[in-house]
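So the structure is just underneath, and the comments pick up after that.
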Amino acid sequence: MLDPKRLRNDLPGVVAGLARRGFTFDEDAFGALEAERRELQVRTEELQAERNRRSKAIGQAKARGEDVAPLLAEVGSLGDELKAASARLDALQGELETFLLGIPNIPHDAGASRRPSTSRPGTTSTSGRGSGCSTPTPRPS
């Protein structure tokens with residue numbers, strides 16, 4: 001799966017790499033998912049910060065002996081909104097992951113399709129099957 005951060009940071013490079021592979025990347029679909037993800041991420045973080053501020057205010061109001069019922073109701077409604085935003089964000093991240101799973105890996109460079117030789121000159125495989133272990137070939141005296 002492609003790294004979402006790489007897509008966010010180098011979309012043109014990723015698109016070009018996928019094109020070399022013969023894959024057409026749907027930039028509009030990715031852009032829509034990513035824009036919604038960012039918006040929900042920011043909203044969720046704002047709701048968490050507001051809930052934390054109000055929870056702190058409840059503690060301060062209790063310390064002063066004030067009625068905290070209205071503050072508790074506000075925090076409760078914030079909690080419901082936060083749960084809904086969090087659930088949508090989780091679902092959207094699942095959609096984004098599913099989208100990314102359908103995209104092939106990007107070739108490292110233009111010559112990446114060729115595999116480099118793993119053997120060194122003057123060595124042979126001990127098993128004859130390319131086990132990765134090699135021993136030096138005896139030299140004639």
The condition of being of a type in the set (A, V, I, L, M, F, W, C), in contact with a helix residue (DSSP H, G or I) (Cβ under 7 Å, 6 or more places away or on another chain), part of a helix (DSSP H, G or I) and within 22 Å of Ala87 (Cα to Cα) holds, among Leu47, Leu72, only for Leu47
Residue count, segment 32-47, condition surrounded by 12 or more Cβ atoms within 10 Å (Cβ to Cβ) and either in contact with a Ser or Thr (Cβ under 9 Å, 6 or more places away or on another chain) or under 16 Å from Leu100 (Cα atoms) (or both), comes to 7
Selection status of Val42, in contact with a Lys or Arg (Cβ under 7 Å, 6 or more places away or on another chain) and β-branched (Val, Ile, Thr)
no
The one condition Glu66 fails out of (1) assigned to a loop (DSSP other than H, G, I, E, B); (2) closer than 26 Å to Met1 by Cα is (2)
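Every read-out reported here was derived from the displayed coordinates using simple, explicitly stated rules and does not represent laboratory data. Treat the numbers as computed from the prediction; the structure is a model and nothing was measured. Positions of Cβ are generated from backbone atoms using ideal geometry, with glycine treated the same way; all protein chains shown enter the neighbour counts.
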